[in-house]
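Trainee: Input: one structure, supplied below.
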Amino acid sequence: MRHRALVAPVLVAGLVTACSVTVGSPNPASAPAPGGSASRSALASRCTLAPTGGLERVSIQAPGPVGTMERTYQLHVPPGAAAHGPVPLLVSLHGLGASGATMDAITGWSAFADAQARAGAPFIVALPDALNTAWLWGIESYDVSFLFDVIASLRGSGCIDDAAVYVDGWSAGGYMAQRMACVGEGQGVTLAAVHSYAGGDPALPGPCLPSRTVPVLLSNGLDDQLINPQGVGFPAFEAWGRRYSCQPPAAPYTAAQHLDGCTAGAAVAWWPLAGLPHLEWSCRDRFSHNRGVWEFLRRRVSPTDTVCR
């Protein structure tokens, strides 16, 4: 059975129970200590985030269209994250008409994080809320600053591995995630990798001139009638190849692939998924999409299976 998208935010109340907290101004942590069990134990003792037991609504002061204002995100901290030491952070961005809570209900990122925690590899999930559900993904975007403020607020907890901060997005959130790759860094953090699902080229409202080679994975349902994979998604993949001086794609848009010959440190991958329309994330295997994305974000392993599992 497929997990179908719920695009109306009002439906979230029946799907997700969330608490609410407020945090102060972002206070970025210092650079991570070197590895090793002793340093990991010391850093774990500094982690101030307790397991959320679901989603927890967090408020921060961050940029908006008329200056600094209260903005929100949903936070999920799985059991064992604090004891494990600094862990990865995934910032996941919803589409138009949705919210952070909706995004989690559809994609299951928090449930996937719990499963990873049970396997000894926890990570924290933050799901920001766009103003009026719409992201501003052009140049000089206040949403870019907001998302780096979300990251900074969590770095201040002492729980986040600065070398493993990832951004993921769906539809309009996919465009926004790619804009974050265009920027690459902020508030002392360089993004480790970015994933966009059903998103097109973020340069359409303004140029994308990355100063860092942030690895990028684009996935797209082959049955998507809104973000057409051939006319919108694949051209966005090709655009990243040009930005990173990669060789052109060697296969058509229907084939999973990664680009060769890119600038040192760059990785660009395309993952088409047969049978998925715009408003669906997965098929019978709820986490098949999550696993493929997470393998790329963590280890730069490009997905190859185009069958919707």
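Trainee: Being at pLDDT 95 or above and farther than 19 Å from Leu297 by Cα is the filter here, so list the residues in the range 80-111 that pass it.
Mentor: Once the filter is applied, which keeps residues that are at pLDDT 95 or above and farther than 19 Å from Leu297 by Cα, the range 80-111 yields Gly95, Leu96, Gly97, Ala98, Ser99, Gly100, Ala101, Thr102, Ala105, Ile106.
Trainee: Right, next: Do any strands (runs of 3 or more DSSP E) lying entirely in the range 136-244 carry at least 1 residues that are within 28 Å of Met69 (Cβ to Cβ), in contact with a helix residue (DSSP H, G or I) (Cβ under 8 Å, 6 or more places away or on another chain) and hydrophobic (A, V, I, L, M, F, W, C), and which ones are they? Give the derivation first.
Mentor: Working: elements: 160-170, 193-197, 216-221.
It comes to 160-170, 193-197.
Trainee: A follow-up question, please. How many residues are crowded, with 19+ Cβ neighbours inside 10 Å, under 29 Å from Arg46 (Cβ atoms) and touching a Pro at 6+ places or on another chain (Cβ under 6 Å) if we restrict to the range 165-196?
Mentor: Looking only at that region, the number is 1.
Trainee: Now for a different question. Among the residues of the range 277-309, write down those that are under 25 Å from Ala250 (Cα atoms), modelled with pLDDT under 95 and among the hydrophobic types (A, V, I, L, M, F, W, C).
Mentor: Val307, Cys308
Trainee: Still on this structure: Here is a check on your reading of the model: is Ala251 in contact with a strand residue (DSSP E or B) (Cβ under 7 Å, 6 or more places away or on another chain), aliphatic (A, V, I, L, M), outside any helix (DSSP H, G or I) and free of Cβ contacts under 8 Å to residues at least 24 places away in the same chain? Can you show your working first?
Mentor: Working: in contact with a strand residue (DSSP E or B) (Cβ under 7 Å, 6 or more places away or on another chain): yes; aliphatic (A, V, I, L, M): yes; outside any helix (DSSP H, G or I): yes; free of Cβ contacts under 8 Å to residues at least 24 places away in the same chain: yes.
The answer is yes for Ala251.
Trainee: Can you name the residue in the range 271-296 that is out of contact with any His (no Cβ under 6 Å at 6 or more places or on another chain) and among the aliphatic types (A, V, I, L, M) and, of all such residues, is surrounded by the most Cβ atoms within 10 Å (Cβ to Cβ)?
Mentor: Leu273
Trainee: Restrict the check to the range 106-124 and report whether at least one residue is within 26 Å of Cys182 (Cβ to Cβ) and part of a strand (DSSP E or B).
Mentor: Of all residues in the range 106-124, those within 26 Å of Cys182 (Cβ to Cβ) come to 106-107, 109, 123-124.
Adding the requirement that they be part of a strand (DSSP E or B) leaves 124.
Yes, the range 106-124 contains at least one residue that is within 26 Å of Cys182 (Cβ to Cβ) and part of a strand (DSSP E or B).
The values are calculated or read from the model by the stated rules, or taken from the named source; none is laboratory data. Owing to the predicted nature of the structure, the values given are computational and were not obtained by experimental measurement. For neighbour counting, all protein chains shown are included, and Cβ atoms are generated from backbone atoms with ideal geometry for every residue, glycine included.
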